[in-house]
1. Report, by residue number, each residue of the stretch 170-189 that is modelled with pLDDT of 95 or more and part of a helix (DSSP H, G or I).
2. Which residue out of 221, 190 is exposed (fewer than 14 other Cβ atoms within 10 Å of the Cβ) and either under 20 Å from residue 81 (Cα atoms) or in contact with a strand residue (DSSP E or B) (Cβ under 8 Å, 6 or more places away or on another chain) (or both)?
3. Being buried (at least 16 other Cβ atoms within 10 Å of the Cβ) and either assigned to a helix (DSSP H, G or I) or without any contact (Cβ under 8 Å) to a residue 40 or more places away in the chain (or both) is the requirement here; does residue 199 meet it?
């Protein structure tokens, strides 16, 4: 298997045709090397180059590759990268895999950016805010901030990769009373008070880590003999 085989699969998975050409991602550093071991990381770090060599990695997936020093990589290591498509599909956007582990039912698209959904709304029957909060903590191994407006039964939950005054009010108009996002945003504070919205801010990095592990699982399901290092 080669780099273009993986990118062809991921281009379809991420539906990259929905994005501008400079946002689509794909092959960042070409290579003709056969791939048996694929390394996955969010971004380069000081020990990356030794890690690649020590783990005998044939190619890399990097979410944010911009600080990569390609001169330090072993010869013929290919790199693929998806930034915005990864964020919108595998973190806090319209993420059906996350909806499954949150036990959502009646999933709806929520919000829009350039004709792409930026979030989702689901029903979480017979759960209180504490139930949802504990579930989110377990999924993402922690959280950044919460605002618990009420311990009443949760009606609907919104998972959104952004937080604005308008989005919070729109979510409330759909019957949402719990809003899950990456970070609490001050411009949305008044809307949160006015709508009595409970908010869970997971933290951007935690969302990305969950997305990276999920991507590894998807690739393993597609290629059972591919060895993934992350």
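1. The answer is 170, 171, 172, 173.
2. 221 is the lone residue from the list that is exposed (fewer than 14 other Cβ atoms within 10 Å of the Cβ) and either under 20 Å from residue 81 (Cα atoms) or in contact with a strand residue (DSSP E or B) (Cβ under 8 Å, 6 or more places away or on another chain) (or both).
3. So residue 199 fails the test.
The values are calculated or read from the model by the stated rules, or taken from the named source; none is laboratory data. Every value quoted in this text rests on a predicted model; they were computed, and no experiment measured them. No Cβ is skipped: glycine too gets one built from the backbone with ideal geometry, and neighbour counts run over all protein chains shown.
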